[in-house]
Amino acid sequence: MRRPNWVPAGTDLDKPNAARVYDYYLGGSHNFEVDRRMARRAMELWPDLPAIMRSNRAFLRRSVQYLAERGVSRFLDIGSGIPTFGAVHEVARVTRPEARVVYVDRDPVAVAHSRLLLKGDPLSEVVEADLRDTSDLLARPEVAALLDAGEPVALMLVAVVHFVTDEEEPGKLLAALRERLPEGSALVLSHASLEGRPDQAGPHQDLYKLTPTPLTMRSREQITEFFDGFELVAPGVVYLPEWRPENPDAVGPHPERMTGMAGVGFLR
């Protein structure tokens, strides 16, 4: 396969990649046939998947807008993936033109493409780092500068913590990040859930074992525990379309079909 110019050398093009699969679900073009095959197989098992991914992206946009309107102008987006329409900096700057964003991802394809997209943007930076190594992540100069200014920071963990296994102790990772957040900061988190469609949890997790990032789906109670140390914003941890919808009619009669859970909380 001829390597596109946005793919860094050494990238394995023979195995599906979660960031590229997500890009395909959202209608993006930065994916390969191996990713599309996995996505199509997943959709055969679970036809709602593209709608779930779009609902997750819509939650990201609503949460960023909500925080920007409340004065937050610094955003740390961990697990940012491949940039698509409605990225954090685009949404935040509608309200806060001065908004600074540091995008963090462990995937070299996502990082390479983010750097191309954001070249020339002095208020956005991209870091290749892993959520599972918080010491390294927090020590990166771009991240440290964002946090050490003392202004509130929105910690964005959108559809990423479910790629951290129980053995890797996600609660401890979040606690390490929380301890570095300035006063007035917030946590934005969405997570694949066991609830809503428990019959699909097993097959879907099995499918993601084919990628370098296996998926761990969790219950509402487990996801809510990740907000330890934060005061949840109403309506709390809910299905993706239920979190402060712009139009109540858009929630639909079966929000549980959008099986991800989402919430926003302010640092206590």
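The values are calculated or read from the model by the stated rules, or taken from the named source; none is laboratory data. On a predicted model such as this, the values are computed, not experimentally measured, just so you know. Methodologically, a virtual Cβ is constructed for each residue, glycine included, from the backbone with ideal geometry; neighbour enumeration extends over all protein chains shown.
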Just one listed residue, out of MET38, MET53, is touching a residue at least 12 places away in the same chain (Cβ under 8 Å), touching a Phe, Trp or Tyr at 6+ places or on another chain (Cβ under 8 Å), surrounded by 21 or more Cβ atoms within 10 Å (Cβ to Cβ) and not in a loop (DSSP other than H, G, I, E, B), and it is MET53
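To keep it simple, each residue is scored yes or no on (1) in a strand (DSSP E or B); (2) at pLDDT below 95.
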| position | (1), (2) |
| --- | --- |
| ASP77 | yes, no |
| ALA112 | no, yes |
| LEU116 | no, yes |
| ASP130 | no, no |
Unique residue being small (Gly, Ala, Ser), surrounded by 23 or more Cβ atoms within 10 Å (Cβ to Cβ), in contact with a strand residue (DSSP E or B) (Cβ under 6 Å, 6 or more places away or on another chain) and within 13 Å of ARG57 (Cα to Cα) when the list is SER114, SER80: SER80
Filter the range 94-105 for residues that are touching a residue at least 12 places away in the same chain (Cβ under 8 Å) and either over 12 Å from the mean Cα position of the chain (by Cα) or surrounded by fewer than 20 Cβ atoms within 10 Å (Cβ to Cβ) (or both) and give the result. VAL94, THR95, ARG96, GLU98, ALA99, ARG100, VAL101, VAL102
Taking GLY86 and the conditions (1) over 19 Å from PRO241 (Cβ atoms); (2) part of a loop (DSSP other than H, G, I, E, B), which numbered condition does it fall short on, given that it satisfies the others? (1)
State which residue pairs qualify: first residue under 16 Å from SER124 (Cα atoms) and inside the range 143-159, second residue of a type in the set (Asp, Glu) in any location, beta carbons under 8 Å apart, and separation of 6 or more residues or different chains. MET156/ASP77
GLN205 vs (1) in a helix (DSSP H, G or I); (2) modelled with pLDDT of 95 or more: all pass except (2)
Among the residues listed as ALA175, ALA144, the single one being under 22 Å from GLN222 (Cα atoms), at pLDDT 95 or above and assigned to a helix (DSSP H, G or I): ALA175
